[in-house]
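Each remark here refers to the structure printed beneath this line.
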Amino acid sequence: MAVNPAEDIVNVWLQDGEGFFTRQNINVPKGKRMINGKAIYGGRGKEIDILATNMNGEKLWVEVTVSPNPYLGKSASRISDAMKIVQEKFCPEKETEVRRLFGRGRIRKMFVYSRRIFRKEQESEFLTKLKALGKVEAKPFEEIFKETISKINHYSVDPVRIYLYYSKYFGKNVP
């Protein structure tokens, strides 16, 4: 279970709804670096949110950036800010670790975001720019949440699934 509930919900969606086996919160070890003239090795680096694979051999790398109360900078810079987040999330340091873990072959990249950070027209512009890069697909968290809640049909001992089950049957404004 992750520290970020949104990551946990995406993980349940991947497992129950999409048929993936998943691994969460993978620390990327830091390589050699120089600090005050001394070579330093090891330590915790960046974190890969979710890696997933299915029975067909499909490989998926998912990064999640969702907040119920996102910081909203100036409207004019929201798209460029979101693009920077995508670039940071799928940085070369993480890419190297994903390749080490997954090996050769095609790896789909998915960025999960909240629609709350954009105005309507901004979201479509963001998706167009992201698609132009051709490397990362985007999925709104709101859709994942609704899909997961609509499909959950059992009470579980898993805290995330219990939360989703309660949300489905006791929550307000939930389909």
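Considering the options PRO92, PHE145, LEU130, tell which one lies farthest towards the positive end of the dipole of the chain, charges being +1 on Lys and Arg and -1 on Asp and Glu at the Cβ, about the Cα centre.
Ranked along the dipole, the leading option is PRO92.
If packing is taken as the average number of other Cβ atoms within 10 Å across a peptide's residues, how do 123-135, 86-98 rank, most packed first?
86-98, 123-135
How big is the accessible area of TYR163 in square angstrom, nearest 10, if you roll a 1.4 angstrom probe over the protein chains?
Rounded to the nearest 10, that gives 120 Å².
Assuming R0 = 41 Å, can you tell me the calculated FRET efficiency for the pair LYS129 and ASP158, based on Cβ-Cβ distance, to the nearest 0.05? Spell out each step's value before the answer.
Details: r = 36 Å, r/R0 = 0.89.
Rounded to the nearest 0.05, the efficiency is 0.65.
Rolling a 1.4 Å sphere over the protein heavy atoms, what is the accessible area per residue of region 72-175, to the nearest Å²?
Values: 6650 Å² over 104 residues.
Accessible surface, normalised per residue, equals 64 Å².
Given the rule -39500 (n - 2.57) for each run of at least 4 DSSP H residues, summed and divided by the residues of the chain, what is its mean residue ellipticity at 222 nm, to the nearest 500 deg cm²/dmol?
Estimated from H runs of four or more residues: -12000 deg cm²/dmol.
Report, in whole Å, the centroid distance computed from the Cα atoms of region 74-110 and region 141-162.
Centre-to-centre (Cα) distance: 26 Å.
How much length is gained if the chain between LYS120 and SER167 is pulled fully straight, taking 0.36 nm per residue apart and subtracting their Cα-Cα distance, in nm to one decimal?
14.3 nm is the gain from fully extending LYS120 to SER167.
The values are calculated or read from the model by the stated rules, or taken from the named source; none is laboratory data. Quick caveat, the model's predicted, so the values are computed rather than measured. Cβ atoms come from the backbone with ideal geometry, glycine included; neighbour counts cover every protein chain shown. When the accessible area is computed, the model is the full protein with side chains, heavy atoms only, and any ligands, DNA or RNA have been set aside. Shrake-Rupley method; radii C 1.70, N 1.55, O 1.52, S 1.80 Å.
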